[in-house]
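Notes follow the structure.
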Amino acid sequence: MLEYSIDIPPIFTASVFVHPNARLLLQDYSERSRILTGIALPSYLEKLAKKYPPVITSHQVELLSGFLESHHQSAVINILEKYEVLWEDLIKGVRCPSCNQYAMKRNRMRWECPHCGTRSQKAHLRALYELALLMDNRITNRMAREFLSLDSTNAMQKIFARAGIYKSGISKNASYSIDLIKWRKNR
């Protein structure tokens, strides 16, 4: 960041457990002051702000933000390989937003849950986002159909098109990718 004449601000790490029922029992852990509950986070940040006054101006924060956004590169990690998870072991299907069952079926451009009767036109989007994260953001039509429990190649292509998912390649070599940053912001 020296080429942009911005001093690098100090970086602090902490783990925050946000579940309201989380209990932390860490008497003998030397770094326990950096493991927090959600309730403790504001006071932790206030202490840091008092101890370390800002080293960059708000204008520099804007420059830094722009720099980070324009130079962002998604990590290329094969999650399944890294954690030795088999494709067959994944829970597949579209999860119902009401009852959380992975059983929704596509019927005339919408998803219906056979358990609770919930209907949704967008229930599949979360599954596609998760699939993209698992597969290094390279999804094939066949892979998506298996993951969403769909039979029709044409229906899957239409779903990709309506969801704004980008296609690269042609025919059987085609793959699809998602703008993960945009999707993360919109979900």
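Computed from the coordinates by the stated procedures, all read-outs in this text should not be read as laboratory data. All values reported here derive from a predicted model rather than from experimental measurement. Cβ sites come from the backbone with ideal geometry, for glycine too, and all protein chains shown count toward neighbours.
Things to note:
- Taking θ as phi - 60° and the Karplus parameters 6.51, -1.76 and 1.60, the scalar couplings of the range 117-132 work out to x, 4, 10, 8, 8, 10, 4, 6, 4, 4, 5, 5, 4, 5, 4, 4 Hz in sequence order, x denoting glycine and proline.
- Beta bridge orientation in the chain: antiparallel %, DSSP, nearest 5: 75
- Structure-based [θ]222 nm, the chain - -39500 (n - 2.57) summed over DSSP H runs of at least 4, per residue, nearest 500: -10000 deg cm²/dmol
- Long-range HN-HN contacts of I35 with modeled amide H, under 5 Å: S15
- Computed across the range 35-76, the Kirkwood radius stands at 12.9 Å (inverse of mean 1/r, all Cα pairs).
- Largest mean-square fluctuation among G164, G66, G38, in a Gaussian network model of the chain whose springs join Cα atoms under 10 Å apart, belongs to G38.
- Extension gain, R138 back to D89 (0.36 nm per residue minus Cα-Cα distance, nm): 15.7 nm
- Largest mean-square fluctuation among S175, S58, S15, in a Gaussian network model of the chain whose springs join Cα atoms under 10 Å apart, belongs to S15.
- Largest first, the three principal axis extents of the alpha carbons in the range 90-187 are 39, 29, 25 Å in whole numbers.
- Loop-located trypsin sites (Lys or Arg not before Pro) across the range 50-114 with a Cβ neighbour count of 10 or fewer within 10 Å are R108, with loop assigned by DSSP.
- Listed candidates [x] 22.0, 60; [y] 17.1, 58; [z] 18.1, 55 - label of the one calculated as Rg and Dmax of the Cα atoms in Å: [x]
- GNM result for the chain, Cα springs below 10 Å: residue of L86, L150, L133 fluctuating most strongly: L86
- Here the spin labels are modelled as points 7 Å beyond Cα on the Cα-Cβ line, and at S98 and L80 they lie 3.2 nm apart.
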